[in-house]
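Undergrad: One structure, as structure tokens, below. Some questions next.
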Amino acid sequence: MSAFTIIDQNRDGIISKDDLRDVLASMGQLNVKNEELEAMIKEASGPINFTVFLTMFGEKLKGADPEDVIVSAFKVLDPEGTGSIKKEFLEELLTTQCDRFSAEEMKNLWAAFPPDVAGNVDYKNICYVITHGEEKEE
């Protein structure tokens, strides 16, 4: 289950005010006002589909510690807190959700971030490279 799917409670492909209310309630924020929810929805240029969600998420990283924010997003997919995600699970998410990865993009991802012998992908390493870039060898 991707973070988007977790928030899209009714599974219609769009994050609505009711979806936000439900996910915030599940995180312990029970008394969120309608005006606050509407303000969140209005931050988007239109209906919040997966692509809009990723764009908004990227914009929210500005001014925050991006690595911590991205790691927190991956932690949603890692409820046991292992620090890794099964390769098959991550590949399924990336090839079946909205802006789907092509076979070539998946090949490049696994070349850059090879899974360990048990088939686990270290997402903290991915987050580090996303936020700091790869160390270049001279």
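Read-outs: derived from the displayed coordinates by stated rules, not from any lab. If you're wondering where the values come from, they're calculated on a predicted model, not measured in any experiment. Cβ coordinates were reconstructed from backbone atoms using ideal geometry, including for glycine residues, and neighbour counts include every protein chain displayed.
Undergrad: Could you tell me which of rounded, prolate or oblate describes the range 1-45, using a ≥ b ≥ c as the square roots of the eigenvalues of the alpha-carbon gyration tensor, with rounded for a/c under 1.5 and, failing that, prolate when a/b is larger than b/c and oblate otherwise? Can you show the working numbers first?
TA: Numbers: a/c = 2.21, a/b = 1.17, b/c = 1.89.
It comes out oblate by the Cα gyration axes.
Undergrad: Taking every alpha carbon pair in the chain, what does the distance histogram look like in 10 angstrom bins from 0, in percent?
TA: Once binned at 10 Å, the Cα pair distances of the chain give 10, 35, 37, 14, 3, 0.
Undergrad: Within 10 Å, at most 13 other Cβ atoms, and a DSSP state outside H, G, I, E, B define an exposed site. Report the longest part of the chain free of exposed trypsin sites (Lys or Arg not before Pro).
TA: On the way: sites that count: Arg11, Lys33, Lys62, Arg100, Lys136.
The reported range is 63-99.
Undergrad: Tell me the label-point distance for the pair His132, Thr51, using the 7 Å Cα-to-Cβ offset, in nm and rounded to one decimal.
TA: In this crude spin-label approximation the distance works out to 3.3 nm.
Undergrad: Still on this structure, I have one more. Rounded to the nearest 500 deg cm²/dmol, what is the calculated helix-only ellipticity per residue at 222 nm for the chain, with -39500 (n - 2.57) per DSSP H run of length n ≥ 4?
TA: Numbers: 8 runs with 76 residues, N = 138.
Estimated from H runs of four or more residues: -16000 deg cm²/dmol.
Undergrad: For Asp18 and Glu43, calculate 0.36 nm times their separation in residues minus their Cα-Cα distance, and state this gained length in nm to one decimal.
TA: Taking Asp18 through Glu43 to full extension adds about 7.4 nm, to one decimal.
Undergrad: List the equivalent ellipsoid semi-axes of the range 67-132 in whole Å, largest first, each obtained as the square root of 5λ for an eigenvalue λ of the Cα gyration tensor.
TA: On the way: eigenvalues 62, 37, 34 Å².
Over the Cα atoms of the range 67-132, the ellipsoid semi-axes are 18, 14, 13 Å.
Undergrad: How far apart, in nanometres, would the label points at Asn108 and Met27 be if each is projected 7 angstrom from Cα along the Cα-to-Cβ direction?
TA: It is 3.1 nm.
Undergrad: Would you mind checking the tilt of helix 50-60 against the longest principal axis of the Cα atoms of the chain, expressed as 0 to 90 degrees and rounded to 10?
TA: 90
Undergrad: Now for a separate question. Quick one: length gained pulling Asp78 to Asp99 fully straight, 0.36 nm per residue minus the C-alpha distance? Before the final figure, lay out each step's value.
TA: Working: separation 21, 0.36 × 21 = 7.56 nm, distance 2.16 nm.
Taking Asp78 through Asp99 to full extension adds about 5.4 nm, to one decimal.
Undergrad: Students often get this wrong: which residues of the range 1-45 have the backbone nitrogen under 13 Å from the point 7 angstrom along Cα-to-C-beta of Phe89?
TA: 1-3
Undergrad: Next question, about the same structure. With +1 assigned to the C-beta of every Lys and Arg and -1 to the C-beta of every Asp and Glu, and no other charges, what is the dipole magnitude of the chain about the Cα centre in debye, to the nearest 20?
TA: On the way: 14 positive and 27 negative charges, 69 e Å.
That gives the chain a dipole magnitude of about 340 debye.
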